Amino acid sequence: LNAAPGRPPRQHVRFLPAPDRGDGGATGLVAARVPVLADHPLVRGPRFRRLKIGAGHRLDVKASGVFVLGIGHGNKLLTDLYNCHLTKVYTVGGLFGKATDDFSDTGKLVEKTTFDHITREKLERILAVIQGTNHKALLMHSNIDMKTQEAYELAVKGLLRPMGKSPPIITAIRCLQFVLPEFQLEIHCLHETQQYLRKIVHEIGLELKSSAVCTQVRRIRDGVFTLDDALLRTQWNLQSIQNAIWDCQLKVQTELEKTLG
């Protein structure tokens, strides 16, 4: 904002000495319009010193991907979106064969194990168990009688979700890639943290009678926002931010009307 072109400085009338004509005559005063020095950038300083910016669902230092910010009135919209309890989607990388103290591949190594016995079919069976267990938790925390017409309509629209505080819930999980010892998962979840996702990778390794560490956590979707809406560091300028806000306004409004009415 401060780098954008500003309005020209105000002008005011001052009476200044007339130019010396060199004939020794008396000098007078002439009226002239001059800029107001109080409007000079070196006097005024930056026009914008404070801008209210709010952060959506946070990412820790070892994670990357979609990170939503609200500017000005957008801070209230962030709160409204938070109350929608929308699903977030991550791609999570894993590595079989070792365990660390913080479940990431950069942590302190505490154990090495074999992994040759692991197959994609065994991994997908474990993922199916995780999804089934979390589906039961989702129904329990939704606080809706599943025998009612309301529950059926919400399930059809994909709006069945806990509308209050709940433990982390995985709504869907699948294997994207499997090339031993590496694998990659796509996880749809609610109320999670990135550390919780790393722990899931660790527990998958244990269930497969091995060990595993998380190599990457990348958020590819946060509610209505996807990677296509994200701005790279080189795009952090006024025009790109304005365009991003305009492009996302309709999506945010539609989601709020659909979920919160």
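The values are calculated or read from the model by the stated rules, or taken from the named source; none is laboratory data. This structure is a prediction, so every number in the text was calculated from the model and none was measured. Here the Cβ positions follow ideal geometry from the backbone for every residue, glycine too, while neighbour counts run over all protein chains shown. The area values use the complete protein model at the heavy-atom level, side chains included, leaving out ligands, DNA and RNA. Shrake-Rupley method; radii C 1.70, N 1.55, O 1.52, S 1.80 Å.
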### Task
Could you please let me know if GLY107 is farther than 28 Å from ASP229 by Cβ and either touching a residue at least 40 places away in the same chain (Cβ under 8 Å) or part of a strand (DSSP E or B) (or both)?
yes
### Task
Would you mind stating whether GLY6 is open to solvent by 40 Å² or more (accessible area, probe 1.4 Å), at positive phi and modelled with pLDDT under 90?
no
### Query
Somewhere in the stretch 29-43, is a residue open to solvent by less than 40 Å² (accessible area, probe 1.4 Å) and in contact with a Phe, Trp or Tyr (Cβ under 6 Å, 6 or more places away or on another chain)?
no
#### Entry: Selection count where residues are open to solvent by less than 50 Å² (accessible area, probe 1.4 Å) and in contact (Cβ under 8 Å) with a residue 60 or more places away in the chain, scope the stretch 65-79
4
### Summary
Just one listed residue, out of THR100, THR91, THR113, is of a type outside the set (A, V, I, L, M) and either open to solvent by 70 Å² or more (accessible area, probe 1.4 Å) or within 22 Å of the chain's Cα centre (by Cα) (or both), and it is THR91
#### Entry: Long-range neighbours under 7 Å by Cβ, at least six apart or interchain, first residue free of Cβ contacts under 8 Å to residues at least 40 places away in the same chain and under 17 Å from TYR82 (Cα atoms) within the stretch 164-185, second among the acidic types (Asp, Glu) and open to solvent by less than 40 Å² (accessible area, probe 1.4 Å)
PRO168/GLU192
### Query
Taking the condition closer than 21 Å to LEU260 by Cα, of a type in the set (A, V, I, L, M), modelled with pLDDT of 80 or more and open to solvent by less than 70 Å² (accessible area, probe 1.4 Å), does LEU138 pass?
no
### Task
For the stretch 9-25, indicate whether the set of residues that are in contact with a helix residue (DSSP H, G or I) (Cβ under 9 Å, 6 or more places away or on another chain), open to solvent by less than 100 Å² (accessible area, probe 1.4 Å) and farther than 30 Å from LEU190 by Cβ is non-empty.
yes
